[in-house]
Amino acid sequence: MPSIDVHVKTSIERTGKDYKDVHEWIDKDEAKKVERHDITRIHENAKEVELKWGEDGVREFIQHIHDDIKKRTADTLAYFGVK
């Protein structure tokens, strides 16, 4: 998965804002990291994100999960020799 710094950089490129607090909330707490990346809990987690960072934060939360899944999928396919 991309690092917090990479997520921050892509947020700035995409929106002009870093959303570092959102990215750190998703990734920094090792005890909660898996739960916060669980796509079956996106709705539940998005509610918490919205309370803290509003609708823009929710968009960045969803984009963060998307970017992580995209990278994980690409890495897995590359491992099996698929380009």
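Where a number appears in this text, it was derived from the coordinates with a stated rule and is not lab data. Keep in mind the model is a prediction, meaning the values are calculated, not measured. For neighbour counting, all protein chains shown are included, and Cβ atoms are generated from backbone atoms with ideal geometry for every residue, glycine included.
Odds and ends about this structure:
- Kirkwood hydrodynamic radius (C-alpha pairs) into Stokes-Einstein, the stretch 4-79, 37 °C and 0.692 mPa s, D in µm²/s: 259
- Working note: 222 nm ellipticity from helices only, DSSP H runs with n ≥ 4, each -39,500 (n - 2.57), summed and divided by the residues of the chain, gives -26500 deg cm²/dmol to the nearest 500.
- Shown is the FRET efficiency for Phe80 and Lys20, computed with R0 = 35 Å from the Cβ-Cβ distance and rounded to the nearest 0.05: 0.55.
- At least 20 Å along the helix axis (C-alpha) and Kyte average at least -1.0, DSSP helices within the chain: 42-79
- Unit charges on C-beta of K, R, D, E only; dipole of the stretch 4-79, Debye: 160
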